[in-house]
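Only the coordinates and a few stated rules stand behind these numbers; no lab work does. Nothing here was measured: the structure is a model prediction, and the numbers come from that model. All Cβ positions, glycine included, derive from the backbone under ideal geometry; neighbour counts span all protein chains shown.
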Amino acid sequence: MARVPPPDLHLARLRRYSAMAVQFSRGCPFDCEFCDIIELFGRTPRTKTAEQVLDEFDRLYEAGWRGSVFVVDDNFVGNKKAVKALLPRLAEWLERRRNPFTLFTQASINLADDDELLSLMRAARFNRVFVGIETPVKACHEAAGKHQNVKADLLESVRRIQESGMEVMGGFILGFDQDPPDVFDRQVAFIREAAVPVSMVGLLTAIPNTRLWRRLSEEGRILRESIGDNTAALLNFAPRMDSKTLLSGYREVMATLYRPEEYFGRARELLDRLGSSPRARLVFSDYLALFRSLVRQGIFAKYRASYWRFLGGALLRTRRHLGVAVTLAIMGHHFFVLARRLDAEGREVIPVR
Ligand code: SF4
């Protein structure tokens, strides 16, 4: 990693992006059966030096970038010692330039067990973190070798991260061999209770060269190559549960989670429990997005009443998180369209443009 060159930002049209990407580490110490990261990058996290990361921050800053930066590591906290050494340097760099960036990343659930790490991330202006929660069914985690999730009290862990000032975005999976018949209701109930508005629920997919792929190949259950999109209602292996039940259950979960009232309810609960969160510096494209949201969602959308109730409530009850509320409202639109299309087409999700 110490030899990875910085990206040539002159080749990117920065205005077309909502976030820029920086990578610190590759690899993850865990061993989830379905994961291809560990097959590609290994189980010993390797990191860039702090100087490399700060150099990339400098380049982004000099190129005029202001706003969100996605630290694209598959598990940012895979090497806690290295990340704890990096974070104060990032915080200091950001403060010296009057906080031009807010950061978000991906991390394993054991982040929640480490108060020091949570507060270092918060000080380095992380405001969101994607966590692979996968399922509330412990037997699925056990069978998939996702031991960190077996050990954790998942609801309590999510809450701790939220209370430290970071929104949790969750990855969830349906289609494990151990899924009980009531898994669909349990997923919805868990996501609701965890107050995770942005819940990326997908079907289990066997990616080539993973442990899952090898096992299912031996069992003669692989049907086709994965298309690389785990939100498409398409199975690439024969599940234990009846396929039709699984697919219709999946669509039902998405349709339920992304009913506007349901989504805004989770978002409201999140705002209530979210600790002090770094304020994003607003740039022209943010004002443009707000304007579009007010017109498209606030005037023309069928769910406009829910939208105004949500924003009005945020203004009255949790004004300090108004920026987060607007962002969540905008992201909600994407998911409402996605879930509606999934429901209507009954087969495949078409990316929303
Ligand atoms: S924690 Fe995430 S990145 Fe690590 S092995 Fe599991 S799924 Fe892969």
Quiz item: Over region 1-133, what number does the Rg to Rh ratio reach, with both radii from the alpha-carbon atoms and Rh per Kirkwood?
Solution: 0.95
Quiz item: Which of the lysines could a cross-linker span from Lys81 if the Cα-Cα distance has to be under 27 Å and same-chain partners fewer than 8 positions apart are dropped?
Solution: Lys48, Lys146, Lys151
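Just order 1-9, 122-130 by mean Cβ neighbour count inside 10 Å, highest at the front, would you?
Result, highest mean first: 122-130, 1-9.
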Quiz item: Where the centre of each part is set by its Cα atoms, how far does region 235-258 sit from region 318-334, in angstrom?
Solution: 29
Quiz item: Using a 4.7 Å Cβ cut-off, which Cys residues in the chain lack a partner cysteine?
Solution: Cys28, Cys140
Quiz item: Whole-Å semi-axes of the chain's equivalent ellipsoid, largest first, each the root of 5 times a Cα gyration tensor eigenvalue?
Solution: 31, 27, 19
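Using DSSP H assignments, which helices in the chain have an axial alpha-carbon span of 30 Å or above and a mean Kyte-Doolittle hydropathy of -0.5 or higher?
Taking the DSSP H segments of the chain (at least 30 Å long, mean hydropathy at least -0.5), we get 322-345.
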Quiz item: How far is the Cα center of region 155-217 from the Cα center of region 10-27, in Å?
Solution: 26
